[in-house]
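The values are calculated or read from the model by the stated rules, or taken from the named source; none is laboratory data. All figures in this text were calculated on a predicted structure; none of them were measured in a lab. Heads up, the Cβs are rebuilt from the backbone with ideal geometry, glycines too, and the neighbour counts pull from every protein chain shown.
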Amino acid sequence: MELHISSLAKERLKKSLGDQPGYFKLFYDTEGCGCNGIIVILIVDQPEQFDVEIDSNLFPFLVDPKQQHNLDESMKLDAEENYPAYKLSSDSNSFGSNIRVRDIRGSKTTTDESSSCLLS
């Protein structure tokens, strides 16, 4: 599995990561999201036990192997100049054009408990 990251998306991801260590994880969040769910980019402290690495042109992304079937073998992550979200697509699929980054570093939240759809 591979992920090509556009120049603008690279710039924004690096800014989101800051100077703290962390990993990006593509996560298909269904908790509180209805039956379809959404893809979110999580920033986590470390990989979980069974996480799989996705090769990219910037740095590795992680994905839970149980969620790999929701993604394609080759994908592109892009961003728009005046909009704070990301777009994830492949040659045959659009996974979302309003994908957000959620930093859960330092929290006790695991990806099994993520709730990107719930209002706080």
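One table, with the values for the structure above:
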{"item": "Residue satisfying all of: in region 89-114; assigned to a loop (DSSP other than H, G, I, E, B), touching a strand residue (DSSP E or B) at 6+ places or on another chain (Cβ under 7 Å) and within 20 Å of Y23 (Cβ to Cβ); modelled with the lowest pLDDT among these", "result": "S114"}
{"item": "Filter result for S56 (among the polar types (S, T, N, Q), exposed (fewer than 12 other Cβ atoms within 10 Å of the Cβ) and at pLDDT 90 or above)", "result": "no"}
{"item": "Condition met for S97 (of a type in the set (S, T, Y), closer than 25 Å to S7 by Cβ and touching a Lys or Arg at 6+ places or on another chain (Cβ under 8 Å))", "result": "yes"}
{"item": "Test: residue in region 2-15 that is at pLDDT below 95, assigned to a loop (DSSP other than H, G, I, E, B) and not aromatic (F, W, Y)", "result": "no"}
{"item": "Matching entry among L8, L42, L26 (being of a type in the set (A, V, I, L, M, F, W, C), touching a residue at least 24 places away in the same chain (Cβ under 8 Å) and over 15 Å from I104 (Cα atoms))", "result": "L8"}
{"item": "Considering residues of region 66-88 that are in contact (Cβ under 8 Å) with a residue 60 or more places away in the chain and either touching a Gly at 6+ places or on another chain (Cβ under 8 Å) or assigned to a strand (DSSP E or B) (or both) only, the residue surrounded by the fewest Cβ atoms within 10 Å (Cβ to Cβ)", "result": "S74"}
